[in-house]
Structure formats: structure tokens, C-alpha cells
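In what follows, a structure is listed as C-alpha cells, so that the remarks can point back to it.
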Amino acid sequence: MNRWRCALLVLTMGWAPVMASEAVPAGFPPQALATFLETAEEETGLPRPWLEATLQEAAFQPDIIAAISRPAERTLTWGQYRALFLKPDRIEAGLAFYAAHRETVDAVADAYGVSWPYVLAILGIETRYGKFFGRWRVLDALATLGLAYPPRQAFFAGQLRVFLQQMHAEGLDPTDRYGSYAGAMGYGQFIPSSYRDFAVDFDGDGRRDLWAVADALGSVANYLAVHRWTPGAEAARPLPSVPVAAKALRATGLDPSTTVGALRALGVEGLAGLEASTPVALLEMEGEGGPEWIAGLPNLYVITRYNRSYLYALAVNDLAQALAQGAP
């Protein structure tokens, strides 16, 4: 069969190479890669040769599949969870970070109206203030999950598209960015869609770089501000006791489900200085010494927009308080 008949047969069968110039990287299903390339080129407008060349650099990581597939670890109590992050070394590292970057940290707080200890507390919990961004290349993590993990393939393929688009737009190398096994990245561990929607160029160098201190700080503060952070307001307040009648109002979800006025009417103390109309989530948490009652205020809810867990939000709040108390 000569080459012209071969070409005709190829066209008749509707077959096309997955990657025009390179072989498919080992471990990735060829059809999934072909579909991704088509969709990514169409939805992002990125050059096909650049997409192909970048994905040729991706490595399939079976350990990532194993990590995301393993059963959830045991649930920690509030006392156990808090103890993980409220350690002296993490507080001291946060204060050292503040001392090293105080001008930028204060400028970010002024620009977005978000108290600096909360911005630093998020960085402290996520990456120990940039000491540990993660052990996986973001490209590998998102390609592995977006091309070879059927249970959540559609979600991660979308995140991979956004990641590639952001790297190309910001002029960053997508092959040398490191993050979590789920593709969260930078000081604040943004997923790609959060990168797209909330990252800022705070240092004014023309690109939004989540691995640069100023942009990372600004991006975390912007995320909280966009989700309606109230400047100068508390996030949570411990309650000395809660009468039996008020316990029926304990929160069952993340949304604040009652008000300060309603709790006061049922005899809850410890809410002085708060407007009666203030939304509140009445939280019962298992602390190190037994049950603890906490009033979750609107700013705590804002933190749950960053990570949808009251354990996380309360840890951010307590670490922020510790940083504020230790600051010169």
C-alpha cells in the first residue's frame, strides 16, 4: 500500500495522532489525552503545540491515585486538631515571617481590610509560611487526576486546563511548580480555579505569582475580602456556658443559623458588645478538656469559604490570635 492510500485510509477511519510530534507519556490513556487536548485548545485558546509540548513533560504518578483513593483518616476532635497547629514553633515561625516581611504584610492588610494575623495564620497552616509547598509537581498531580482518575476526572481535567492557562498567561513555567497531590499550590495552596479568580499582582511586576511573598499575601487577603470579610471584627468567641434551652440552636452546617439576640434571649452569656442582629453559628466542639461552646461570627464563616471546615477555621482564628499577641 503506498503512502497516498495510507493517508486516505487514515482519513476514512477518522483517526488522528494524539500528539502530533511526540509519543503519549507513559501511564496516560491516549483517548483521554486526545479529548483533553481538543477541549483545552478550544476553551483556553492556548496554542496546540504549547499544550502538547507541556503535557509531554507530565509524568503519571500512581502514588497520587493511591493517596486520593485511600479511605479518610480518623476524624480529629477540635482539641486534637488545634494541637497540630498551635505549637510554639509554628507561632515563632509566623512572628519571624512577619518581622522579615512586615512592610508588605502591613500594606496588604491596609489594602484589603483583613487583619494581618489571619492572612499569616492561613499561610502558617497551609505551608508553614512557605517552608513546604508540597512534594508533587502540580503538572503531574493535575494530569494524573485529570486524565487517569475516572471518579473525579472531569473536575481535575478542568483544573488542569485552568492551571495551564494561568501558567501561560503569567509567563510561568508549568513544569517546575510544586504543590499538593491534589494540585493546590503556592503559599496559600490555591487550586487553579481559585488562582484564576482571586490571585492578585500585589508587587506590581506584571504577573500573579502565588510563589512570590507579596502576591501570595495579597491573594489570600483578596480571597477573604471578596468573601465579605468584616474589617476589625472578631471571627469567634468562646462562651462560658450555654443553657439547655439554647443548645437546640447548635449549628448543624457552616452557615450561621441564629443570631446574637436569639442566643441572649435564651440566657447565653459572653456576647457583650455584639449587635443583636449579628449572625452566629453556635458551635459545640470537643476540646482537650471536654466540650467547648464557641460563637462562630461572620468572619469565621468567611474563613470556611477558604476551607469548608469549622476545625480549620477555628485553628486559623486561634493561630491568628496567638500571632497577634506575640507581635511586637
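Within the set of pairs 6 or more residues apart or between chains, which connect a residue that is under 30 Å from Gly94 (Cβ atoms) inside segment 130-148 to a residue that is of a type in the set (Val, Ile, Thr) and in a helix (DSSP H, G or I) with Cβ atoms less than 6 Å apart?
Phe133/Thr127; Ala141/Ile64
Quick one: which helices (runs of 4 or more DSSP H) lie wholly within segment 47-147 and hold at least 3 residues that are closer than 15 Å to Tyr187 by Cβ? Explain how you work it out, then say what you get.
Numbers: elements: 48-56, 62-69, 78-85, 88-100, 102-112, 116-127.
Per the criteria, 88-100, 102-112, 116-127.
Among the residues of segment 30-85, how many are under 30 Å from Leu283 (Cα atoms), among the small types (Gly, Ala, Ser) and without any contact (Cβ under 8 Å) to a residue 12 or more places away in the chain? Before you say what the answer is, go through the steps one by one.
So the first thing to find is which residues in segment 30-85 are under 30 Å from Leu283 (Cα atoms), and the list is 68, 70-85.
Checking which are among the small types (Gly, Ala, Ser) leaves us with 72, 79, 83.
If we keep only those that are without any contact (Cβ under 8 Å) to a residue 12 or more places away in the chain too, we end up with 72.
The number of residues fulfilling the criteria is 1.
Could you identify the single residue in Ala236, Ala216, Ala262 that is out of contact with any helix residue (DSSP H, G or I) (no Cβ under 6 Å at 6 or more places or on another chain) and buried (at least 18 other Cβ atoms within 10 Å of the Cβ)?
Details: Ala236 fails: out of contact with any helix residue (DSSP H, G or I) (no Cβ under 6 Å at 6 or more places or on another chain); Ala262 fails: buried (at least 18 other Cβ atoms within 10 Å of the Cβ).
Of the residues listed, the single one that is out of contact with any helix residue (DSSP H, G or I) (no Cβ under 6 Å at 6 or more places or on another chain) and buried (at least 18 other Cβ atoms within 10 Å of the Cβ) is Ala216.
Considering segment 267-304 alone, what residues qualify as being closer than 21 Å to Val114 by Cα, touching a helix residue (DSSP H, G or I) at 6+ places or on another chain (Cβ under 8 Å) and either in a loop (DSSP other than H, G, I, E, B) or basic (Lys, Arg) (or both)?
Leu274, Glu275, Thr278
Can Arg161 be described as on the phi < 0 side of the Ramachandran plot, outside any strand (DSSP E or B) and either under 16 Å from the mean Cα position of the chain (by Cα) or of a type in the set (Gly, Ala, Ser) (or both)?
On the way: on the phi < 0 side of the Ramachandran plot: yes; outside any strand (DSSP E or B): yes; either under 16 Å from the mean Cα position of the chain (by Cα) or of a type in the set (Gly, Ala, Ser) (or both): no.
When the stated conditions are applied, Arg161 does not pass them.
Residues in segment 164-207 that are of a type in the set (Gly, Ala, Ser), crowded, with 17+ Cβ neighbours inside 10 Å and either assigned to a loop (DSSP other than H, G, I, E, B) or touching a Cys at 6+ places or on another chain (Cβ under 8 Å) (or both): how many? First the steps, then the outcome.
Going through segment 164-207, the residues of a type in the set (Gly, Ala, Ser) turn out to be 169, 171, 179-180, 182-184, 186, 188, 193-194, 199, 204, 206.
In the following step, the residues that additionally are crowded, with 17+ Cβ neighbours inside 10 Å were identified as 179-180, 182-184, 186, 188, 194, 199.
With the extra rule that they be either assigned to a loop (DSSP other than H, G, I, E, B) or touching a Cys at 6+ places or on another chain (Cβ under 8 Å) (or both), the set shrinks to 180, 182-184, 186, 188, 199.
Within segment 164-207, residues that are of a type in the set (Gly, Ala, Ser), crowded, with 17+ Cβ neighbours inside 10 Å and either assigned to a loop (DSSP other than H, G, I, E, B) or touching a Cys at 6+ places or on another chain (Cβ under 8 Å) (or both) number 7.
Readers should treat all values here as calculations from the given coordinates under stated rules, not as data from a laboratory. Please read all numbers here as calculations on a predicted model, not as lab measurements. Methodologically, a virtual Cβ is constructed for each residue, glycine included, from the backbone with ideal geometry; neighbour enumeration extends over all protein chains shown.
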